[in-house]
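What follows draws every value from the coordinates through simple rules; no lab data is involved. Please read all numbers here as calculations on a predicted model, not as lab measurements. Glycine also receives a Cβ, built like all others from the backbone with ideal geometry; neighbour counts cover every protein chain displayed.
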Ligand SMILES: Cc1cc2nc3c(=O)[nH]c(=O)nc-3n(C[C@H](O)[C@H](O)[C@H](O)COP(=O)(O)OP(=O)(O)OC[C@H]3O[C@@H](n4cnc5c(N)ncnc54)[C@H](O)[C@@H]3O)c2cc1C
């Protein structure tokens, strides 16, 4: 995306420089902007969105207000135990604790302070055979 007219050699000032326009970058950018910082987002590709733009958009964040409103009980200890089993030697206790604490707060931030809206589908068979079995006989797909 660099040519002589692209502005690539111009100087910009910002409080927060965000690299990448996937969910990580844009979440950081929106949050920093909300806190009054002047944000600059840079993207190396011609299109915004990164891998995020192609993702299914499903989140697993235990203990959100949305889950609680549906009566879904997921204690931090249950989630920690699950992640410990899944992550094996890669388990990082500090990161997991941060995820379990900050994740629900992040969801609350986006649902209460931005126009982001999350649905709460109660089932998501992540296993294709189950997914096929879950399809209704008259489903068009
Ligand atoms: C088909 C598919 C379905 C998925 N479904 C789900 C799902 O349902 N739920 C889920 O949790 N996860 C899902 N994932 C995984 C999820 O999409 C990724 O983990 C997530 O999008 C990563 O987000 P990110 O912001 O870290 O990176 P990205 O979305 O990849 O964004 C990174 C951005 O940074 C840019 N960039 C990189 N280097 C530079 C640089 N030097 N300068 C400027 N820009 C740069 C890239 O071009 C890109 O735009 C799915 C993935 C795929 C492929």
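Taking the number of other C-beta atoms within 10 Å as the exposure measure, put 99, 48 in order starting with the fewest.
Starting with the residue having the fewest Cβ neighbours, the order is 48, 99.
Using Cβ contacts closer than 10 Å as the measure, can you line up 122, 26 from fewest to most?
Going from least to most buried by this count: 122, 26.
Cα convex hull of the stretch 59-115: mean projected area in nm², to one decimal?
4.2 nm²
Treating the Cα atoms of the stretch 1-105 as identical point scatterers in vacuum, please give the log10 of the normalised Debye intensity I(q)/I(0) at q = 0.12, 0.18 Å⁻¹, two decimals.
These q points yield log10 I(q)/I(0) values of -0.62, -1.05.
Contact order normalised by length for the stretch 1-57, with contacts defined as Cα pairs under 8 Å and 6 or more residues apart; what percent is it?
Across the stretch 1-57, relative contact order equals 38 percent.
Order of 64, 81 from fewest to most other C-beta atoms within 10 Å?
Fewest to most other Cβ atoms nearby, the residues stand as 81, 64.
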